[in-house]
Amino acid sequence: MSPYMDEKLTKPYDPQATEDRIYQLWEESGFFNPDVCVQKGVCDKDAETFSIVLPPPNVTGTLHMGHSEMLAIQDILVRYNRMRGKKTLWLPGTDHAAIATQTKVEKKMYDEEGTTRHDVGREEFLKRVNQFAKESHDTIVHQIKKMGSSVDWSREAFTLDEKRTIAVRTAFKKMYDDGLVYRGHRIVNWCPHCYSTLSDDEVEYKEKKAVLYTFKYAKDFPFAIATTRPETKLGDSAVAVNPNDERYKAHIGEIFTVDLGHGAQTIKVIADEAVDPEYGTGALGVTPAHSMTDYDMAQKNDLPLIKVIDEHGKMTKEAGAQYEGLKVKEARAKFVQWLKDEELLLKEEEVDQNLSICYRCARPVEPLPSLQWFVNVNKTFTIPHSNIKGVTAGQQITLKELMHIVVQNGQIQIVPERFAKIYFHWIENLRDWCISRQIWYGHQIPVWYRDEETYVGVEKPKDAGWTQDPDTLDTWFSSGLWTFSTLGWPEETADLRTYHPTAILETGYDILFFWVARMVLMTTYLLGDIPFKNVYLHGLVRDERGRKMSKSIGNVIDPLDMIKIYGTDATRMSLIIGTSPGNDMKLSEEKIKAYKHFANKIWNITRFVVSNTEDTDLTVKPELTDHDRENLKELDALVADITKEIEQYHFYLAGEKLYHYVWHRFADVVIEESKVRLYGDNAVERSSAQWTLFHILTTSVTLLHPFMPFITEEVWSMLAHDKKNLLMIEPWPRS
RNA sequence: GGACGGCUAGCUCAGUUGGUAGAGCGUUCCCUUGACGUGGGAAAGGCCACAGGUUCGACUCCUGUGUCGUCCACCA
């Protein structure tokens, strides 16, 4: 018991002088690591576990408010459960973020030395990316610590480290052996600028004005077609009409030979339900090589693919000598001119078009045929064992079905619930997942070729003459394994047995498909289990006007700036209160400031309580007045309420209720009423008030700890009680 | 085209088993009271988007409309 008030308490609360010191204290205690907690008796060896994996931030990224929000929510969950006596693990790591990182380094190289990756070669380029990632890694880790995150750094992982590489290759090989991974010549989303494939989810859409051209393939062709991409028509092999369209019915099955100025081209009239008779002329030029839907029609009707656009976004030889090498737009102008000259062009009109663009560079995506690796989501395979409700070992099942069933049967609960519907809808529309990328940074595909042979394995084949597939895997392939690759899979480690499935995955709704769904896919397939029992989706942090925070608008609020000015606790509270799962939040500096005031209030309450209880032995509970009994009853009700709200993931409510209680009940009412009693000469009233104030304060900071870990830990250390432990391992109050 | 979400005090948002509404910030007035002016006290301010329906009673449930936004699909 300290007889004197800590000197710090005589001054206003200074987060800057407190937070780093406290974080170091926590780290040194080892309690972020559940093994240490077991060793030191903080929790039982057989205690119930609570585990979450940190959604790994991009290794080359910097902390933004979205990260802060996610770290705050997860830290609340983790600290709460640790205090509840669970064996609690929060496993951190970073993501190599293949294309994002590669692009960053390429840009840096180009800006600084004017070189491209091809100038320096693959090996040298990767050396540079790795170096860059390594440096950047320390920045993001430091920033995660600044948020107060109680993650177990001893278990830190990286999606591209050695262990994760083994996991990725093991997963790939298993899928290959089961026929779920295949190499095929398919129409893929191709970004000529990034020079790589994109998955369907990486394609975004933008409304744009476009010209719809109506023209005939030839003067004697019986009808016209309409298109916004005339240049692709050089690769047409059919024209499709609706089978019920009376205008064209008679022509179905006819075959025409036309010449669009680059030689003979065979056009067959086919029927397909997908054709809308109302649009354009009701007849659709089928370009199997450069349209997903046209490709499907081509498959059904056995039509040839004529690739007229190449990977650089330029016309190929097949488009004709006069077009070869031209950019798409140039070719379009030239071909339209040709149509005009030939008097084949009937109409030009402006229409709205939904243009496919690359999510990274926002440039148009070219669908084109390419030899790539895919995950087959519709192929049945035999699941060797299963912890999945409704699925038994040995059953025939598809990846799609697995993804669907674990949410359908409630084994995975999504908060807010409405996202389950969105998830199901996504699965329904899901096509095979293109997983190969033509970039260098990432997991190189574990496939080796020698002449006509193909070898798939975890290790490179021993004998000579093998060449590894140059492509790398979609970054989400490796992050899909995250909940168990971080725990040691494919080895059957104690961690894997203890902490998997994880309790909850907390992330932004914007990566529900990219990541959450892929984790479900990988885990159900590889482990026959779920990756997590709950999914909590937070909204996006926007600026005070509801706009996305972006560098170009200049409306970015940097969490580190806010931490510096207002402290981490205030920043965390501002991201928790007034928000609800799945809904975007608007953040302003004013809001953060308000919680800085709250931190100060806690500080001043502490000063008041400490200075008025210093002369008393608080370990002995005195006789309590009825009034104080009422006060404690109210506190008990608060404990029950806060516990309930956290259990239900209502952090915003728990935080708000704590704020309200501490300020407007405890400070404004209980403390105010206590003054007369503390300064009066009734000994019973006085000691009852002292004990009660002290008890309410210790309970309040305990309840507040998950939300505002720094100030509460600091206050705890200055209270004159017999509890020497850190607040972070103090048992959660019972009501 | 389909689905989903928001629409509650000037602003940002809560409101979970239906009983005519709350918080923060802001505004106005008062208070150098011995924890705190990063404070305290008081006050103003809302036909809870609109229209129907269920009900003794609806911000809360149902139907429809409007509006803003998001996601998905896609017409070439």
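The values are calculated or read from the model by the stated rules, or taken from the named source; none is laboratory data. Worth saying up front: this structure is predicted, and the values here are computed from it rather than measured. Using ideal geometry, Cβ is built from the backbone for each residue, glycine included, and neighbour counts are taken over all protein chains shown. Surface accessibility is based on the protein's heavy atoms, side chains included, excluding ligands, DNA and RNA. Shrake-Rupley method; radii C 1.70, N 1.55, O 1.52, S 1.80 Å.
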* Asked: Roughly how many nanometres apart are two label points built 7 Å out from the Cα toward the Cβ at A:Glu590 and A:Asp14?
  -> 3.0
* **Dipole magnitude of chain A, debye to nearest 20 (Cβ charges: Lys/Arg +1, Asp/Glu -1, about Cα centre)** => 180
* Could you work out the Kirkwood radius for the range A:534-606, taking every pair of different alpha carbons, averaging 1/r and inverting it, reported in Å? => 13.1
* Structure fact -> Compactness check, chain A: C-alpha Rg relative to the 2.2 N^0.38 Å globular estimate gives 1.17
* To do: Using a cut-off of under 20 Å, list every residue of the range A:215-236 whose amide N is near the label point 7 Å from the Cα of A:Ala333 along the Cα-to-beta-carbon line.
  => A:228-234
* Note down the relative contact order for the range A:293-402 as a percent, whole number, built from C-alpha pairs under 8 angstrom at least six residues apart. => 13
* Pop the C-beta distance of A:Ala264 and A:Glu349 into the FRET formula with R0 = 35 Å and round what comes out to the nearest 0.05. => 0.70
* Helix A:328-341: angle to the longest alpha-carbon principal axis of chain A, degrees 0 to 90, nearest 10? -> 40
* Structure fact -> Computed over chain A: longest principal axis from alpha-carbon atoms vs helix A:651-660 long axis, angle to nearest 10 degrees, is 30
* Asked: Listed here are the pairs A:Lys108/A:Lys134; A:Lys108/A:Lys163; A:Lys233/A:Lys340; A:Lys107/A:Lys134; A:Lys146/A:Lys596; A:Lys145/A:Lys591; which of them are more than 20 Å apart at the Cα?
  -> A:Lys108/A:Lys163; A:Lys145/A:Lys591
* Please give the net charge around A:Ile73, taking every other residue with its beta carbon less than 14 angstrom from that of A:Ile73, where Lys and Arg add +1 and Asp and Glu add -1. => -2
* Set the Förster radius R0 to 30 Å, insert the Cβ-Cβ distance between A:Asp161 and A:Asp510 as r into 1/(1 + (r/R0)^6), and round the FRET efficiency to 0.05. => 0.70
* Asked: How far, in nm, would the chain grow between A:Lys724 and A:Val458 when pulled straight, counting 0.36 nm per residue and subtracting the alpha carbon separation?
  -> 90.7 nm
* To do: May I ask you to compute the full-extension gain from A:Asp220 to A:His185, defined as 0.36 nm times their residue separation minus their alpha-carbon distance, rounded to one decimal in nm?
  => 9.1 nm
* Per-pair calculated FRET efficiency, R0 = 25 Å: A:Lys174 and A:Tyr195 via Cβ, rounded to 0.05 -> 0.25
* With a 1.4 Å probe and every protein chain left in place, work out the accessible area per residue of chain A in Å², rounded to a whole number. => 43
* Structure fact -> Excluding ligands, DNA and RNA, the carbon-plus-sulfur percentage of the accessible area of chain A with a 1.4 Å probe reads 49
* For A:Leu344, what is the net charge nearby, where nearby means another residue's Cβ is under 10 Å from its Cβ and Lys, Arg count +1, Asp, Glu -1? -> 0
* To do: Just grab the label-to-label distance for A:Lys127 and A:Asn429, each label 7 Å out from Cα along the Cβ direction, in nm (one decimal).
  => 4.6
* Asked: Taking a label point 7 Å from the Cα of A:Lys108 along the Cα→Cβ vector, which residues of the range A:50-91 have an amide N closer than 13 Å to it?
  -> A:59-62
* Between A:Ile557, A:Ser574, A:Met585, whose Cα lies farthest towards the positive end of the dipole of the range A:556-603 when Lys and Arg beta carbons carry +1 and Asp and Glu beta carbons carry -1, centred on the Cα centre? -> A:Ser574
* Structure fact -> Counting Lys and Arg as +1 and Asp and Glu as -1 over every other residue whose Cβ sits under 11 Å from the Cβ of A:Pro559, the net charge comes to 0
* Structure fact -> Each label sits 7 Å from Cα toward the beta-carbon; between A:Arg418 and A:Glu7 the label points are separated, in nm, by 5.6
* To do: Specify which residue in the list A:Met109, A:Met708, A:Gln74 is farthest towards the positive end of the charge dipole of chain A, using unit charges on the beta carbon of Lys, Arg (+1) and Asp, Glu (-1), about the Cα centre.
  => A:Met109
* Asked: Rg/Rh for the range A:388-454: what does it come to with C-alpha atoms and Rh from Kirkwood?
  -> 1.14
* What order, most packed first, do the peptides A:577-586, A:61-70, A:119-128 have when packing is the mean number of other Cβ atoms within 10 Å of each residue? -> A:61-70, A:577-586, A:119-128
* Asked: How big is the equivalent ellipsoid of the range A:200-337 along its three axes, where each semi-axis is √(5λ) from the Cα gyration tensor, reported in whole Å from largest to smallest?
  -> 23, 18, 15
* Structure fact -> Computed about the Cα centre, the charge dipole of the range A:582-735 from +1 Lys/Arg and -1 Asp/Glu charges at the Cβ has a magnitude in debye, to the nearest 20, of 320
* Would you kindly compute the Cα radius of gyration of the range A:92-233 and its largest Cα-Cα separation (Dmax), both in Å? => 22.9, 75
* **Segments A:520-529, A:359-368 sorted - mean Cβ within 10 Å per residue, highest first** => A:520-529, A:359-368
* Positive-end extreme of charge dipole, the range A:177-227 - chosen from A:Tyr213, A:Tyr182, A:Leu198 (charges on Cβ) -> A:Tyr213
* Relative compactness, the range A:552-698, computed as alpha-carbon Rg over 2.2 N^0.38 Å -> 1.26
* Set of the range A:59-100 residues, backbone N closer than 18 Å to the point 7 Å along the Cα-Cβ line of A:Ile553 -> A:64-69
* Structure fact -> Residue span A:Glu614 to A:Ala683: 0.36 nm per residue of separation minus Cα-Cα distance leaves a gain in nm of 23.3 nm
* To do: Divide, for the range A:15-145, the radius of gyration over alpha carbons by 2.2 N^0.38 Å, where N is the residue count.
  => 1.37
* Based on Cβ point charges of +1 for Lys and Arg and -1 for Asp and Glu, what charge dipole magnitude is obtained for the range A:1-137 about its Cα centre, in debye rounded to the nearest 20? -> 320
* Asked: Using only Cα atoms, what Kirkwood radius does the range A:468-512 have, in angstroms?
  -> 12.4
* **For the range A:546-566 versus the range A:441-459, the gap between their alpha-carbon centres in whole angstrom** => 44
* To do: Would you mind checking the tilt of helix A:65-83 against the longest principal axis of the Cα atoms of chain A, expressed as 0 to 90 degrees and rounded to 10?
  => 50
* Name the trypsin sites (Lys or Arg not before Pro) in the range A:469-571 that are in a loop by DSSP and that have at most 14 other C-beta atoms within 10 Å, would you? -> A:Arg545, A:Arg547, A:Lys551
